[in-house]
Amino acid sequence: MRRGIFGFDIWFYGIVALLLAVCQQPLVLGGLMLFVMLVEKDEWLNRQVMQALLMCLGVMAVSLLVHKLSAVFAIVPFFGWMLRWGVDQVVDLLLLLGMALFAIRAADRMYKGLDSDIPFAAGFVNRLF
């Protein structure tokens with residue numbers, strides 16, 4: 001596998017990007033993407049980091065949408081707040097679990113030198129490049 005300018009294998013940056021995506025750190029992930037684009041200048045690595053960023057932003061957007069839509073449950077007297085909290089927690093758990101599974105699969109593929117192929121994000125990134 002190819003090595004970057006600082007001596008790390010380039011898949012290392014991709015796995016760090018996936019870890020930041022699972023931890024929902026889009027600003028740090030954006031900084032890593034900027035670093036990879038400006039310093040490493042590797043197209044394959046740019047694709048992997050961009051897919052991780054899009055996965056993070058997508059999950060955060062869906063979570064925000066569900067939180068806003070679940071406010072409807074607050075109308076229900078007495079138990080509405082509990083229903084809203086339960087829906088929010090279940091959806092957040094399912095999103096985090098799905099993102100972690102996609103990240104593990106993508107990390108394994110990156111280590112082998114393949115494209116991470118994250119659903120939805122891969123198609124969007126492939127249209128950009």
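The values are calculated or read from the model by the stated rules, or taken from the named source; none is laboratory data. In this text the structure is predicted, and so the values were computed from the model without any measurement. Cβ placement follows ideal geometry from the backbone for every residue including glycine, while neighbour counts extend to all protein chains displayed.
Yes/no per residue for (1) in contact (Cβ under 8 Å) with a residue 60 or more places away in the chain; (2) of a type in the set (Lys, Arg); (3) under 24 Å from SER63 (Cα atoms):
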| position | (1), (2), (3) |
| --- | --- |
| GLY4 | no, no, no |
| TYR13 | no, no, no |
| ALA17 | no, no, yes |
| ALA21 | yes, no, yes |
| VAL36 | no, no, no |
| ASP42 | no, no, no |
| LEU45 | no, no, no |
| VAL49 | no, no, yes |
>> Which count do you get for residues in segment 74-89 that are among the β-branched types (Val, Ile, Thr) and either within 31 Å of the chain's Cα centre (by Cα) or part of a helix (DSSP H, G or I) (or both)?
In response: 2
> Of the residues SER70, SER63, which is among the hydroxyl-bearing types (Ser, Thr, Tyr), farther than 23 Å from PHE12 by Cβ and modelled with pLDDT under 90?
Replying inline: SER70
> Somewhere in segment 117-127, is a residue in contact with an Asp or Glu (Cβ under 9 Å, 6 or more places away or on another chain) and over 26 Å from ARG3 (Cα atoms)?
Replying inline: no
>> Which residue is nearest to PHE120 (Cα to Cα), if the candidates are limited to segment 60-97 and must be small (Gly, Ala, Ser) and surrounded by 14 or more Cβ atoms within 10 Å (Cβ to Cβ)?
In response: SER63
